[in-house]
Amino acid sequence: MIYAIKAVSTEFVKIGVSNGRGRITILQTGCPFELVLIAQADWPKLEERRIHGFLKRHGLHVRGEWFRREAETEQVI
């Protein structure tokens, strides 16, 4: 499953892959912002890499799997 998680009160979105439902709980432990699942799709990991590449080409990559939430990010979500 590919997911998009928003860090509330920020411009940041994490786009990643998970095999289970506990991912957001694990991520929340190390994050000072509330995290909210905003999208998910049952797509293969290859699609996650393609999404990351698209967002990087548009200069939206921040760090790791985190991206700024702008028009291109909304298009993917």
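Coordinate-derived values only; no laboratory data. Note that this is a predicted model, so its numbers are computed, not measured. Neighbour counts run over all protein chains shown; Cβ positions are idealised from the backbone, glycine included.
Structure summary
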read-out: Rounded to the nearest 20 debye, dipole of the chain from Cβ charges on Lys, Arg, Asp, Glu; value: 220 debye
read-out: Longest exposed-site-free window of the chain, the sites being GluC sites (Glu not before Pro) in a DSSP loop that have at most 14 other C-beta atoms within 10 Å; value: 35-69
read-out: Environment charge at Ile51 (Cβ cut-off 12 Å; Lys +1, Arg +1, Asp -1, Glu -1); value: +2
read-out: Percent RCO, i.e. relative contact order, over the chain, from Cα pairs under 8 Å lying at least 6 residues apart; value: 36 percent
read-out: Approximate spin-label separation Cys31-Glu72, in nm, with each point projected 7 Å along Cα-to-Cβ; value: 2.1 nm
read-out: Distance cut-off 16 Å, percentage of C-alpha pairs in the chain lying past it; value: 44 percent
read-out: Value of [θ]222 nm, deg cm²/dmol, for the chain, DSSP H segments ≥ 4, -39500 (n - 2.57) each, nearest 500; value: -9500 deg cm²/dmol
